[in-house]
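In what follows, a structure is listed as structure tokens, so that the remarks can point back to it.
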Amino acid sequence: MRKIKSKLFDLVLRKRLNKLGPVRPISELKREQVNRILVVSSTALGDTVLSLPAIRSTRSIFPGAEITWLLKKSYLELFRVVECVDDFIPYHGGYRKLKSLYQRVSSKSFDLCLIFHDSDPCPGGVAYLAGVPFILRSGLRDDQLAPYLSGRVTYVDDHHAIEQRLDVLRTIVGGGASFVNNLYLEVKVESQKEWSSRLHEFCEESGTKKYIGFQTLAAKKYCVWPKEKFIALGKRLIRQCSDVVLVLLGARGEKRYCQDIADGIASKKRVINLAGKYKVSELPAILKNFDLLVTNDTGPLHVAVAVGTPTVSLFVPSRIEHTGPNQDLHKHKVIRKVPPCNPCVRKYCDSPWCMNLISVDEVFDVINSGFHRCW
């Protein structure tokens, strides 16, 4: 069904292109005439967090413009705290609720659309159909959307994901422009305190505690450190650090997986399985209460960086140069191994075993080394 909808959508786009022609080239853009901007970052949590510097930089370039953010519906509440955004349009993914999306975009009469990250042609195509005169998109490596764009933003493979998004803005202001590229998410004091109290309620141990979070799964299977290694690390931390409480993070569908890890660690009083017990909008406040997060390369890693929580992150097939921590490096330690397969096919791998290359000893030694100020 998705393929059918994709073909129909492409047909509509081509008919519109034949009738009205392409959007205007970026060389014709007059910044002082831009009053309404649609920014798009509509994919996974981590990708969306990594778009924050570009969205904030959009405000610095267009200080008087109204900025509307098209993002995944499930993350809308999490990002409402982003102060430079005036309005939001929820994205349901793929070609679902396409008519509603078109109506929302059309009603705004946008002057400019900046696509910082998407995974299908739908957001850009809708912007074109809605008559947005200037459209730019990050990281175009094929020509599928090229006829509907105002210019090609060069894909630079060795740029960090944050910089790849900022490259969209450099197309407007000049390639030599520099921007603040730090991640930042505001955490309300009351939310942090509420979760501090809840963590104390979940924990059966009294006294001063250090909370270490475990992000045991990832959106991409090939990024997952094995369950058995999280169990072994948890046992060792519990045994050797008397004030440590472990908190397992995860979505509702990951509750069983996290419970297996909790059962394997076998320390009921000092392990909290939080999977399925919080909303994604509460994740920043939860992470703010952690002394450390041990994590795969996945969304909560970037949220932790954005709220200032120290991390130990695990990288083998994914690239630290592309998605690793990019700020406050004294707080963030990356354990990386060279991928054993060349080429590494990542998401097309049928048996992603390479995360096994990272040992429990390595992770424990980093945590116990005093690298992080919290120890």
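The values are calculated or read from the model by the stated rules, or taken from the named source; none is laboratory data. In this text, all values refer to a predicted model and were calculated from it rather than measured experimentally. Neighbour counts run over all protein chains shown; Cβ positions are idealised from the backbone, glycine included.
See the values below:
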read-out: Candidates Glu201, Glu163, filtered to the one that is at pLDDT 95 or above and part of a helix (DSSP H, G or I); value: Glu163
read-out: Output for segment 131-160, where each listed residue is surrounded by 23 or more Cβ atoms within 10 Å (Cβ to Cβ), at pLDDT 95 or above and under 19 Å from the mean Cα position of the chain (by Cα); value: none
read-out: Which numbered condition Tyr128 fails, given (1) surrounded by fewer than 20 Cβ atoms within 10 Å (Cβ to Cβ); (2) within 16 Å of Val23 (Cα to Cα); (3) among the hydroxyl-bearing types (Ser, Thr, Tyr); value: (1)
read-out: Set Leu185, Leu217: member being touching a residue at least 60 places away in the same chain (Cβ under 8 Å), touching a helix residue (DSSP H, G or I) at 6+ places or on another chain (Cβ under 9 Å), outside any helix (DSSP H, G or I) and over 25 Å from Lys269 (Cβ atoms); value: Leu185
read-out: Some residue of segment 235-253 being of a type outside the set (Asp, Glu), modelled with pLDDT of 95 or more and in a loop (DSSP other than H, G, I, E, B); value: yes
read-out: Some residue of segment 110-118 being at pLDDT 95 or above and aromatic (Phe, Trp, Tyr); value: yes
read-out: Total residues in segment 218-245, condition in contact with a Ser or Thr (Cβ under 8 Å, 6 or more places away or on another chain) and either assigned by TED's automatic domain parsing to the domain that holds Ala44 or of a type in the set (A, V, I, L, M) (or both); value: 4
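Conditions (1) outside the structural domain of Asp158 (by TED's automatic domain parsing); (2) closer than 25 Å to Thr208 by Cβ; (3) touching a residue at least 12 places away in the same chain (Cβ under 8 Å); (4) among the aliphatic types (A, V, I, L, M), marked per residue:
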| site | (1), (2), (3), (4) |
| --- | --- |
| Arg252 | yes, no, yes, no |
| Glu282 | yes, yes, yes, no |
| Thr309 | yes, yes, yes, no |
| Val316 | yes, no, yes, yes |
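Listed here are the residues, each with its yes/no results for (1) farther than 23 Å from Leu17 by Cβ; (2) in a strand (DSSP E or B); (3) not aromatic (Phe, Trp, Tyr).
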site	(1), (2), (3)
Ile67	yes, yes, yes
Ser74	yes, no, yes
Phe110	no, no, no
Leu114	no, yes, yes
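Let's see how each residue does on (1) among the aromatic types (Phe, Trp, Tyr); (2) under 30 Å from Val180 (Cα atoms); (3) in contact with a helix residue (DSSP H, G or I) (Cβ under 9 Å, 6 or more places away or on another chain); (4) surrounded by fewer than 16 Cβ atoms within 10 Å (Cβ to Cβ):
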{"position": "Glu228", "(1), (2), (3), (4)": "no, no, yes, yes"}
{"position": "Ile231", "(1), (2), (3), (4)": "no, no, yes, no"}
{"position": "Leu246", "(1), (2), (3), (4)": "no, no, yes, no"}
{"position": "Asn289", "(1), (2), (3), (4)": "no, yes, yes, no"}
{"position": "Gly299", "(1), (2), (3), (4)": "no, yes, yes, no"}
